[in-house]
Amino acid sequence: MTHKRYLIILLLFFLTAITFMDRICISTASDQIMADLKISSQMIGYIFAMFALSYSLFQIPSGWFADKYGPKKLLTFVVSFWSVFTALTGLAWNAVSMLFFRFFFGAGEAGAFPGSTSAVYNWVPAKERGIANGIFHSGGRVGAALSLVFMPWLIHIVGWRWMFIINGIIGFIWMIIWLLWFRNQPGKHPGVNELECQYIEEGLSDTQRVGEKIPFGVVITSSNMALAMFQYFASGLTFFISLSWLFPYMKSQWGENATVYAPIPLVLGMFAHWISGSLITLLYHKGYHVASRRIPAIVGFALAATGLILCTLITNISALAFITCFGIAVFGVEMTIAPSWTFCMDIGGKSSGAVSGTMNMLGNVGSATSAIIFPFFIANVTIPIFAENAGSGNSFFILAAVLNILGMCSWMFMNPLKKLNTSMPKEKIRLRVIIMIASILIAFIGLYIYKTFFMKP
């Protein structure tokens with residue numbers, strides 16, 4: 001039997017690495033950008049937020065496109081699209097042009113994970129999706145760590161403008177390989193023999209949703225999906241600190257030398273993806289189909305809450321002690337990623353792209369929330385016992401710990417085998433979808449308005 005499905009996972013691993021390299025490289029160049037374009041730190045914050053806004057808005061449309069036209073067309077288009085705007089970022093001449101380029105860059109990157117999820121659903125049988133999700137999602141953590149280490153060196157060699165252009169070229173190289181090699185269905189790939197094709201098709205039949213015509217609106221407004229979106233919000237709120245405020249927070253608390261520890265949580269996150277994915281696959285093979293999704297996520301959230309609480313107890317000890325505890329927290333929330341995306345495939349079936357995009361949109365609302373409220377909590381919020389004085393992130397860590405505990409509780413009620421109400425009238429489905437999307441957008445826009453007009457710099 002051939003094993004071409006493993007090459008799909010490898011290609012998606014490199015894709016996720018590229019997505020995070022492209023989105024984080026701007027933070028490593030922020031000082032040079034502000035100096036060359038004569039823009040303020042507040043404006044660079046708006047530029048960062050512009051990516052988050054468009055990235056969230058285009059999650060569901062990208063997932064729908066992947067489900068309707070296939071991951072080959074979607075990923076070919078979006079990787080080309082965002083690579084163009086990655087390169088154009090290096091040609092920006094003022095703040096307005098930078099805002100424009102980063103908005104469309106985020107719109108393009110929005111299709112990466114829904115498209116990848118659709119590809120995994122088509123190519124990987126249910127019994128292997130846990131490890132497949134773990135491996136390809138871990139690429140993002142590798143890319144993020146590489147950005148923190150490699151991009152400052154590249155900027156020193158060629159400058160920040162050429163750094164963006166080089167990253168754009170890397171994206172185009174991946175796109176060409178994808179376009180020439182990938183097929184939406186394994187049966188249409190010349191390198192896949194009959195045995196592998198049969199193995200994949202039999203594995204697809206293990207999932208409940210194959211062959212069922214379930215309206216997308218029913219799936220994303222179900223109790224299952226509501227719980228999935230909430231727990232992914234909690235996960236995103238915790239993890240995003242490692243990409244946004246961790247570096248400056250460690251610098252302000254322990255000095256310049258402490259920032260050398262900043263990539264450690266990302267490296268631990270990479271291993272968490274592999275371990276969680278392997279555990280999902282192991283439990284599924286043993287016949288524990290529901291538990292294979294629940295147990296890694298519940299363990300992960302428990303570890304995350306524990307690590308966050310420990311962070312509040314060692315604030316005045318050392319940077320290494322703090323990063324160890326925060327690393328435990330990141331390791332924990334990263335353990336929840338593979339089961340979350342595998343769960344979306346379970347309940348989404350042929351709508352996996354749109355379903356996963358909906359969940360990912362909430363995760364990015366959580367990420368944006370953490371980026372906005374973290375400095376506010378440091379400056380203003382105190383909590384008895386854990387954060388009696390302002391000036392540290394302890395109050396935020398307690399909030400995140402509570403949300404992670406609630407995320408753990410959510411997984412106790414999430415069931416990929418739960419039957420959905422397929423007889424719901426279309427008008428009711430449409431109304432539920434509109435209310436859900438409107439609520440999410442109102443929350444996201446409210447946070448953005450608060451950051452822009454009310455939060456003190």
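Among the candidates 436, 412, the residue that is hydrophobic (A, V, I, L, M, F, W, C), at pLDDT below 80, in contact with a helix residue (DSSP H, G or I) (Cβ under 8 Å, 6 or more places away or on another chain) and not assigned by TED's automatic domain parsing to the domain that holds residue 43 is uniquely 436.
Only residues that are in a loop (DSSP other than H, G, I, E, B) and among the small types (Gly, Ala, Ser): list them for region 1-60, please.
29, 40
For region 111-143, the set of residues classified as among the hydrophobic types (A, V, I, L, M, F, W, C) and touching a Pro at 6+ places or on another chain (Cβ under 8 Å) consists of 119, 123, listed by residue number.
Contact map, region 372-384: first residue free of Cβ contacts under 8 Å to residues at least 24 places away in the same chain and in a strand (DSSP E or B), second residue surrounded by 19 or more Cβ atoms within 10 Å (Cβ to Cβ) and among the small types (Gly, Ala, Ser), Cβ cut-off under 8 Å, separation 6 or more or different chains; pairs are 383/395.
Tell me, yes or no, whether region 267-282 has at least one residue that is assigned by TED's automatic domain parsing to the domain that holds residue 405, of a type in the set (A, V, I, L, M, F, W, C) and not in a helix (DSSP H, G or I). No, region 267-282 has no match at all. Taking residue 243, is it of a type in the set (A, V, I, L, M), surrounded by 15 or more Cβ atoms within 10 Å (Cβ to Cβ), under 23 Å from residue 92 (Cβ atoms) and not assigned by TED's automatic domain parsing to the domain that holds residue 108? Answer is yes for this residue. Taking the conditions (1) surrounded by fewer than 19 Cβ atoms within 10 Å (Cβ to Cβ); (2) in contact with a Phe, Trp or Tyr (Cβ under 8 Å, 6 or more places away or on another chain); (3) not aromatic (Phe, Trp, Tyr) in turn, residue 102 satisfies each one other than (1). Can we say residue 39 is farther than 19 Å from residue 139 by Cα, surrounded by fewer than 21 Cβ atoms within 10 Å (Cβ to Cβ) and β-branched (Val, Ile, Thr)? The answer is yes for residue 39.
In this structure, does residue 122 turn out to be closer than 24 Å to residue 65 by Cβ and of a type in the set (S, T, N, Q)?
yes
Per this entry, residue 292 is not counted among residues that are in contact with a helix residue (DSSP H, G or I) (Cβ under 7 Å, 6 or more places away or on another chain), in contact (Cβ under 8 Å) with a residue 24 or more places away in the chain, surrounded by fewer than 20 Cβ atoms within 10 Å (Cβ to Cβ) and in a helix (DSSP H, G or I). The residue pairs whose first member lies in region 123-137 and is touching a residue at least 60 places away in the same chain (Cβ under 8 Å), whose second member is outside any helix (DSSP H, G or I), and whose beta carbons are closer than 7 Å, counting only pairs six or more residues apart or on different chains, are 125/206; 126/206; 126/207; 127/206; 132/124.
The values are calculated or read from the model by the stated rules, or taken from the named source; none is laboratory data. These numbers come from a predicted model, not from an experiment. Cβ: placed from backbone, ideal geometry, glycine included. Neighbour counts: every protein chain shown.
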